[in-house]
Structure formats: C-alpha cells, structure tokens
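Below: one structure, written as structure tokens.
The values are calculated or read from the model by the stated rules, or taken from the named source; none is laboratory data. Quantities reported herein were computed from a predicted structural model and do not represent experimental measurements. A quick note on method: Cβ atoms are made from the backbone with ideal geometry, for glycine too, and the neighbour counts reach across all protein chains shown.
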Amino acid sequence: MWSSWIQRLFYVAVLAFSAFDSHAADSIHIVAGRSLADWSAELQSSSPVVRRRAVLSIGAFDKSAVPVLTKALAHEDAVVRYWAASELGDLGEDAKSAAEPLRKLLGEKLIGVRIAAAYSLCRIGEVEHGLPSLLEGLQHDERGAWNSSADFLARIGPPAKGAIKTLEEAGKRGADHIADICNEALRRIRGVDQPVPSKTTNPTQGDAAGGKPNKKVTAASVFSKAFVDEDVSRFSKSIEKRKQPNVLWISAEDISPSLGCYGDSYAVTPRLDQLASEGMRFTRCFTHAGVCAISRSGLITGMYPVSIGSQHMRSQIELPSNVKAFPEYLRATGYWTTNRSKTDYNFAVPKKAWDENSPNSRDWRGRAAGQPFFSVINLVTTHESQIRGKFGETLHDPAKAQLPPYIPDTPVTRRDWARYADLLTTLDQQVAAILDQLEADGLAQDTIVFFWGDHGQGLPRGKRWLYDSGTRVPLIIRWPGKLKPGSVNEDLVCFLDFAPTMLRLAGVELPSHLHGRPLAALEVGTTAISSQPSANSRQYIFGHRDRMDETYDLIRSARDTRFKYIRNYAPRRTYAQNITYMNQMPTMKELRRLHAEGSLTGAPALFFRESKPIEELFDTEADPHEVVNLADRPEHAETLKRMRAALERWQEDVSDSGLIPEPLLATPLKVP
C-alpha cells in the first residue's frame, strides 16, 4: 500500500514541473520538429500523406497560420482544402480574413468540403452563410456527411440554434452513434451541462452500425498505392508437403495483461496461468487500436485499418477487391474454419471466410474426419459493459485493488476495478472449460492454442486510447513439443502478425499486401526461453485512433521496446470529449463528478486539460502508466526525433487514409 502512495506522490511532483504544454504558448514557432515555413513547403509534396499531414500541422500554429491556410483553400487536393477550412474554423475570429475564399468553397461539388467551409464561416460569425450547408450534410445519404455535420454543429454551439429541428430529425436515422452525436450537438447548442443518456441497447458491441455504408473504398478511388487482385484459389497450391496443424484461438474482450502469469498479484486466473506454464507468454503484444472493431478489422485482414479505410468505429466499408479475411486462404487449402459469437470487422463478414460462423458453432467438432481445423471462440465476459452491469458484492476485495495513478482513489473506482478482476476470474473458468473439452476430444497434443485479448481493459484511459493500457494485451501460445513450457518472449508483436503467422503455419504462400510478419518464435519452433527480443524482430509497432462512436479524433502512435511516441493531429480536441457509451462507466462518471467539483488533481486531472499536447513521449520502463510527457525534455530530443520519423515513414508506407476526413473517404476521390 505504501509503495502505491509513494508512486502517486512521485507522479504528482513530476507533473507539477511538467504541466506546461509547448503548444499552449502565446507564440508557436515549431510544431513536431518543423517551422511554419517547413510545413508550408510540404503542402506541395507529391505524396498525399505528406501534404495532408502538413495542413493539419499548420493549423496548430494558431493565428500565424491563417494566411497559409487561406491560400490552401484553393489547393488542388480536396482533402487539403477540407482541412484548411476546418482548421480555419477552429481558429474562430482570428480567421475572419478568410471569409471570401470560404464562401467560394460553398460551391464545391464535394459535400465534405462544403460542410468544412460552412463550419468555418459559422465560427467567424457568418452563420447565415454556413448553416444551410451543414443542414444539407445532416440530410445527406452518406454516413460520413451525417457524422461530420453533426460534429461541426456541436463545435459551433449556441450560434447554430437554427439546426435544432434538423438535428432532432437526423438523430432518428438508425444508428445509435448517429443519435449520440446529434444529441451531443443539441446539448452544446442548448448549453446543457450534462451529457444526454445513451439510447444504445447492444450490451457487448457499443453502438450498432446503421444507415448506408460508405461507398466502396478502392485503390483507384482513395489510395495512392495500387494493389493487384489475387485469386484466393491459387494459394491452395502452395501447401507444403507436411501435416497442417490444428489451431484454436480463444479471444477475450477488453483485457490488459491483468493475469497472474503476467505478475498481477490481484488476479485469480489459475487456468490461464497454467496455460502460460505449458507454453509461451508474450510480454510485448499490442493491437493497433484500443477498440474492438478496429482491432479485429486489422487482425482478420493482416492490414492496418488506415490502409483500407476501416479505421472509424461503427463504419461499414467494402473491402478493396484484393483484401481477404485470412481464413479464406485457409479454407482454400482444406481447413475447417469456425468462428463462435463475434466478428465485428467494420465490414460485412466475407461468405468464404467461415464454414460455421454462429454463437452455436460446433467448433472443431463439425469437421470431417482428419480435417485440420482453425476454430475461434470469442468470449465477451470481460467487455466493459459487464463491469458497469448490475451485480452484488465483488469476490475481490476493493480495498486491495491496485489502481493506476491516473484513476482517482474512491470507493466507486475501487469497486469497478474489483469487478474487472472478478470478470477475469470468470473468464478463466470459461477458458478452462474450453481447454478441458479439447483434452476430452483427444486433441490437446495436436492443437496450437492461442489466447489473446482484443485490446486493453474497458476502463477510462484504457479502451479506445493508444496508451499501453489500451493497446497492450496478453498473448499466450501453447504448442506441445514445439514451444518450451514456461518460456517468455520479449519480441514486439502486433495484431497484423496474426494473419501471416496463421498462413505460414498452414504452409500457405503469404499475399504480398500483408503488413505483418509471421511470429519468429513459431517459425523456428524455438525451445529456448527468450529473455531479449529476437534479432529479426520488428523495431516499432504503430497505432491509430480515429472516430470513436460519435467522437472524432486523429491520433497516431509509434512504440519501440521502451519508448512510446504519440502525435495528436487534433490537439484542440480535449481527451475528455463525450462518448455516450463510455460515459456510462461508473469510474468515468466519478471522474466527471470530481472534475466538476474542482477536486480532481494530479495524473487524473490530465484527462480534462482543455487541449492535448501536439506530441507525447513516454519512457515505459520508468513510467509504465505513461503520465509524464518527456516530449519537451532536451535530454530526450534525439529519441523524440527518431520516433517521430519512424511514425511518419509508417504513415507514408501504409498510405494513412485516416488523414482523409470521413465525408471525403465515403465519397471516392481520385488521388494522384
């Protein structure tokens, strides 16, 4: 207990000296390592990613950026025009000089550009010019236009009172997250302090997708790199002349490595601890996004969602023609493939992916005699909705809960933490039942078992965020006779590695477009305990946060084995934006209550800063909870530069479509 309080006092002391954010200065001269002139020059880049990143960065210079952004309103790239208008709107009265070119943009063919210009006009006091286009956006057929128009109206606030009736009507159009964003806009326009209660009814997946899906996203329409369509059937010819292994995946919702085998003394997880003792435990496994659908979208395709357009939570895209769910390749080689309970990919489940895809799937028992199987069992017990559900006394003692420093210490927060631990114990029992069935069927020695969590814990500053609390997950693999029992692997592993690993295990040629790589430990069938990353392991893993249900954001991250770098492309958007589904968590309600009372201090108060730092850098060894931002520390300047460069290279390598605003992503563009 004393160590916990000492750690908290350390964080409070450090934060007292590091509360000042460089972007909040009266005059900003450098943004993410470049001057205004440097970023302005990059607007002429031949790379769409570079010029779009540039216009977003220019907006962070505040009023000194107005002339450059005004000129960018005439840029040939519609995405640059959109962001220039949006950034001018964020500058409010300082952008009045851009009124005339903004009015001209109201004649644009693309609805996305029109609503961005309309937002800016409303913010500089010309509501009569801007509001009609935003009302048009609310009534548009495309989901991205609905979302963005409502978001802009929320940011305008009371001057947009003429939109109230249309917002009320738009909120009835089908998707829960559409209702939530419209309600948020209505709340801000009316000046109501408290968030509107959610209408969401889905207990395990958040807001249900609804409305028309985005138009087909293709290489020709959105992305700068061409793909070659590949016939899945040809991969059946690449099977090696060896026995294909059976594989069982057991996935868990919303959990961090909060297990006994990962050193959590509060945990009661005996069967998962036993599984780790029988196989290999990975200590640096990360998802690319801290939320389910985006995580699963990348995992099932082996591609970063920002490369295929599936990065927004509760969207429904059409996959580029060359991109397959990897079980399609397995089925082509003769595997029996099953999925029990959950898909949630942000696109329709490909019909050729699964032999059985149902809550009542027979798993491996439905296969033909001798047929290799790949069975996925998704357990939803630990989903965030279950933490806030109705329950009696907790099995774990709340007084002994090990709260991180960014969570205030109150009876409410301790009870949520104890409930999370209880759910992990229930999960452990469910895993035990699955493994017992595998054993009873005589398959335990002939099956590779993966256990993993789809993203971090479903508690504030965990789920949905790019900190380790939202992206670091448990991964345990048992492969009898191949992986040494009780071994530990320190390699950086990401969810994009799962698809190529499965294809390699099946002896299938890897499609050229995959972003991951097969897990080195499984390729060599290591029998040695790995205390250091493998020589051929990756140097960095990357992450992204875009729209979360009704709330827009634009954050990217890079992590090596020690440091985490975060780039906030929308620094004026507070961490504490309302997400209706998230707001139902008792701990989140407690955070908001304490903040309203003015009694929130130290690390928990960071969540309610009015704006975000443009860059964040954390030493995850010295500061595992990532609350001490080192980005402005001279002694870390070289690390900051290295991590920033790695992230920017990655964005260009994957053609980061998150830099395309959703209403333009939904309306295909011809991109050079």
Against the definition (in contact with a His (Cβ under 6 Å, 6 or more places away or on another chain) and at pLDDT 95 or above), how does residue 468 come out, yes or no? no
Within segment 647-656, is there a residue that is in a loop (DSSP other than H, G, I, E, B), on the phi > 0 side of the Ramachandran plot and under 19 Å from the mean Cα position of the chain (by Cα)? yes
What are the pairs, 6+ residues apart or on separate chains, where a residue within segment 341-352 that is surrounded by fewer than 22 Cβ atoms within 10 Å (Cβ to Cβ) and modelled with pLDDT under 90 has its Cβ under 7 Å from a residue that is assigned to a strand (DSSP E or B) and not aliphatic (A, V, I, L, M)? 341/378
When residue 141 is run through (1) part of a helix (DSSP H, G or I); (2) out of contact with any Cys (no Cβ under 8 Å at 6 or more places or on another chain); (3) over 19 Å from residue 572 (Cα atoms), the failure sits at (1)
Which residues, counting only those in segment 324-355, are more than 18 Å from residue 293 (Cα to Cα) and of a type in the set (Gly, Ala, Ser)? 332, 334
Exactly one of (1) surrounded by 23 or more Cβ atoms within 10 Å (Cβ to Cβ); (2) closer than 24 Å to residue 614 by Cα is unmet by residue 177. Its number? (2)
Could you list, in sequence order, all residues of segment 27-62 that are under 26 Å from residue 633 (Cα atoms), of a type in the set (D, E, K, R) and either in contact (Cβ under 8 Å) with a residue 24 or more places away in the chain or buried (at least 20 other Cβ atoms within 10 Å of the Cβ) (or both)? 53, 62
Would you mind finding the one in 475, 466, 427, 403 that is within 26 Å of residue 595 (Cα to Cα), touching a strand residue (DSSP E or B) at 6+ places or on another chain (Cβ under 6 Å) and of a type in the set (A, V, I, L, M, F, W, C)? 466
Residue pairs meeting the criteria (Cβ under 8 Å; at least 6 apart or on separate chains; first in contact (Cβ under 8 Å) with a residue 12 or more places away in the chain, in segment 94-109; second among the small types (Gly, Ala, Ser) and assigned to a loop (DSSP other than H, G, I, E, B)): 96/125; 101/74
Are there any pairs with C-beta distances below 6 angstrom linking a residue in segment 438-449 that is without any contact (Cβ under 8 Å) to a residue 24 or more places away in the chain to a residue that is assigned to a helix (DSSP H, G or I), with the two at least 6 apart or on different chains, and if so which? none
State the number of residues belonging to segment 506-518 that are in contact (Cβ under 8 Å) with a residue 60 or more places away in the chain, surrounded by fewer than 20 Cβ atoms within 10 Å (Cβ to Cβ) and within 22 Å of residue 454 (Cβ to Cβ). 1
Given the criterion surrounded by fewer than 16 Cβ atoms within 10 Å (Cβ to Cβ) and among the charged types (D, E, K, R), identify the matching residue among 397, 416, 422. 397
Limited to segment 576-595, what total is found for residues that are in contact (Cβ under 8 Å) with a residue 24 or more places away in the chain and assigned to a helix (DSSP H, G or I)? 10
Say we look at segment 96-149 and pick out the residues that are within 21 Å of residue 166 (Cβ to Cβ) and among the β-branched types (Val, Ile, Thr); which of these is farthest from the chain's Cα centre (by Cα)? 127
For segment 292-300, indicate whether the set of residues that are of a type outside the set (Gly, Ala, Ser), surrounded by fewer than 23 Cβ atoms within 10 Å (Cβ to Cβ) and assigned by TED's automatic domain parsing to the domain that holds residue 456 is non-empty. no
In segment 418-434, is there at least one residue being farther than 22 Å from residue 625 by Cα and over 30 Å from the mean Cα position of the chain (by Cα)? yes
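Here is a yes/no grid of residues against (1) at pLDDT below 95; (2) within 17 Å of residue 309 (Cα to Cα); (3) assigned by TED's automatic domain parsing to the domain that holds residue 148; (4) of a type in the set (Phe, Trp, Tyr):
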| site | (1), (2), (3), (4) |
| --- | --- |
| 626 | no, no, no, no |
| 639 | no, no, no, no |
| 645 | no, no, no, no |
| 652 | no, yes, no, no |
| 670 | yes, yes, no, no |
When segment 410-437 is checked residue by residue, the ones that are over 30 Å from residue 480 (Cα atoms) and either touching a residue at least 40 places away in the same chain (Cβ under 8 Å) or not charged (D, E, K, R) (or both) are 410, 411, 412, 413, 415, 416, 417, 418, 420
Within segment 64-115, the residues that are surrounded by fewer than 19 Cβ atoms within 10 Å (Cβ to Cβ), among the basic types (Lys, Arg) and at pLDDT 95 or above are 71, 96, 103, 104
Residues 491, 454, 446, 441: which one is over 28 Å from residue 320 (Cβ atoms), under 26 Å from the mean Cα position of the chain (by Cα) and assigned by TED's automatic domain parsing to the domain that holds residue 254? 491
